[in-house]
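Where a number appears in this text, it was derived from the coordinates with a stated rule and is not lab data. In this text, all values refer to a predicted model and were calculated from it rather than measured experimentally. A quick note on method: Cβ atoms are made from the backbone with ideal geometry, for glycine too, and the neighbour counts reach across all protein chains shown.
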Amino acid sequence: MIYSKRIILGMMLLTIPVAGMNIFGTRALGMGGAQVALVDDATAAFWNPAAFGNQVSFSTTESIFGFSGEDNLTQYVNDLNQYYKLKDLFPDTYEGFMDYIDKNPEEAHRYVDDIVDSLAAFNDPGVGIIWDMHSGVATRVGPAVVSWLYENHLEAGPWVDNHLSRLIPSEYLQSPTDVLALYEEGLLTDEEMDLLWPGYDPDDPNGGIFIGDRPGNGIGLEDNRSLITLSGLVTNTIGLSYGYSFELTRDDYIAVGGTLKFIHGERSGDSVGILSDADLTNFDSGIFDVGSNWILNNMFTLRTITTGSGFSMDLGVQGSLGKQFSYGLLAHNLIPTQLGWDDPRFEPTPINPELRIGAAYEPVEGLSLALDLDLLPVDNLSCRYNPQTGVEEDAVSYHERSIALGAEYNLAGVFIVRAGVSTNYNAIFEEASPAKFILSAGMGFNIGEVFHMSLAVMSNLIRPREVDASLGASLSLGFTL
């Protein structure tokens with residue numbers, strides 16, 4: 001066991017390289033996503049259609065654009081890199097290195113296990129660089145609204161082939177002694193042994209014909225299938241919304257509304273072999289620079305693989321208690337549905353219900369405080385490469401239940417400042433859900449009573465080592481008649 005594991009460890013250290021509900025609209029982003037009770041513009045098509053039942057102006061149009069980026073790959077690379085750098089601590093020659101391993105077997109075994117675990121972690125759902133973009137427009141005439149929302153979700157990340165026989169350099173598969181040691185320790189299967197040593201018989205070690213490793217036999221590092229994958233999911237949602245308000249008292253009302261949605265989706269993807277152009281004899285980890293260039297060159301030109309469509313519905317309630325307090329409830333995707341894809345290799349993408357409540361309070365004129373809370377878990381869908389089908393599959397990396405707090409101050413109806421914070425509170429009692437803590441800020445300008453413009457930014461870079469590093473921004477333009 002020591003002999004076979006030292007071959008694997010020597011290969012790894014000397015040869016392997018280092019390899020909640022979406023926030024739409026600048027007002028929402030600037031306030032951390034606290035909008036269900038407070039929204040009163042055309043973005044209510046996304047946040048709470050009940051708001052359309054309590055509008056004073058005849059017509060409004062709101063256009064939005066936003067993006068966000070998330071890096072949850074670097075921390076995995078750093079974990080693996082600390083073991084890869086250990087190669088500088090060991091003798092340069094193979095004989096010297098193996099002599100060191102013979103004298104430190106327990107340390108060698110620990111390094112092997114840690115590196116294998118680090119490699120396997122790259123294949124967890126959602127490990128990679130994630131880029132989200134959205135744009136849309138909503139136009140209201142009276143209590144009726146037509147809206148369009150474009151969303152583009154891109155993921156770039158590695159799929160690591162950590163099958164042990166394909167982590168072994170070819171030079172370690174040319175010696176009968178080495179191959180026999182690997183086989184006896186279970187690191188080579190019977191089928192693989194038959195390819196390397198046809199006719200081998202454990203009772204007759206000198207029998208059969210030893211061939212050793214050959215390109216294309218699915219054994220050895222040269223046949224490692226590790227990839228950089230790039231996958232995209234584009235959805236276009238057309239919505240028809242309507243709201244109606246019931247006056248309860250002079251200062252109190254309750255409004256209800258709904259949005260019927262048609263969703264059309266496109267899936268795209270591409271991949272490149274990580275080790276396809278590598279010189280495995282004298283390895284240079286700089287070949288991974290090719291990966292980043294390839295991602296940038298192909299991010300916006302991905303070929304469409306399959307398309308699908310589906311229907312869903314949102315329902316909302318919004319009301320006030322006096323002049324200072326308001327409340328809201330949003331049932332998002334109330335009709336559970338899924339996007340069924342034309343390509344049978346892809347499983348349908350679920351569109352699950354989400355339930356969110358909100359409250360808002362105006363302690364003084366011009367200052368609004370808001371809170372939103374998810375009552376149902378929101379699936380964080382990511383992609384995971386399936387080597388059997390050769391395509392990316394949907395996978396739930398974790399669930400989120402977010403709480404959002406936001407504040408907005410309107411200065412004389414001309415200049416507006418906003419700030420917010422949100423976190424997935426279920427991380428407190430669900431270990432599988434990573435903690436996220438996002439801060440956001442925004443500002444807006446009103447030109448008369450007709451035109452307005454807003455900008456917002458968000459980030460969780462204050463704790464990049466413990467959570468996914470994220471950065472995002474949003475811009476919106478609106479008109480009111």
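Order by neighbour count: 346, 415, 67, fewest other Cβ atoms within 10 Å first, most last.
Least to most surrounded, the residues fall as 415, 67, 346.
What FRET efficiency do you get for residue 201 and residue 435 if R0 is 60 Å and r is their Cβ-Cβ distance, rounded to the nearest 0.05?
Values: r = 56 Å, r/R0 = 0.94.
E between residue 201 and residue 435, to the nearest 0.05, is 0.60.
At a Förster distance of 56 Å, what's the computed FRET efficiency of residue 365 paired with residue 342, Cβ-Cβ distance as r, to 0.05? The partial results should precede the final answer.
Values: r = 55 Å, r/R0 = 0.98.
Efficiency for this residue pair is about 0.55.
Report the net charge of residues surrounding residue 264, where surrounding means a beta-carbon distance below 14 angstrom and charges are Lys +1, Arg +1, Asp -1, Glu -1.
Charge balance near residue 264 sits at -1.
Using the count of nearby Cβ atoms within 10 Å as a rough guide to exposure, how do 436, 103 rank from fewest to most?
103, 436
Roughly how many Å is it from the Cα centre of the stretch 357-372 to that of the stretch 308-325, as a whole number?
When both Cα centres are located, 17 Å separates them.
Express in nm, to one decimal, how much length is gained between residue 309 and residue 262 on full extension, taking 0.36 nm for each residue of separation and deducting their alpha carbon distance.
Result: 16.2 nm gained on full extension.
Can you give me the distance in nm between label points at residue 376 and residue 428, each placed 7 Å from the Cα along the Cα-to-Cβ direction?
2.3 nm
How much net charge surrounds residue 408 when only the other residues with a Cβ under 14 Å from the Cβ of residue 408 are counted, with Lys and Arg +1 and Asp and Glu -1? All intermediate terms of the calculation are to be shown ahead of the outcome.
On the way: positive: 27, 418; negative: 40, 41, 362, 365, 372.
Value of the local net charge: -3.
Using 0.36 nm per residue, how much length does the chain from residue 184 to residue 133 gain when fully extended, once their Cα-Cα distance is taken away?
13.1 nm
Test of understanding: ordering 46, 65, 311 by Cβ neighbours within 10 Å, fewest first, what list do you get?
311, 65, 46
Once you list every other residue whose beta carbon is under 9 Å from the beta carbon of residue 51, what net charge do they have if Lys and Arg are +1 and Asp and Glu are -1?
-2
Once you order the gyration tensor axes a ≥ b ≥ c over the Cα atoms, which shape class does the stretch 29-68 get: rounded for a/c under 1.5, otherwise prolate or oblate by comparing a/b with b/c?
Oblate is the answer for the stretch 29-68, as a/c is 1.5 or above yet b/c matches or exceeds a/b.
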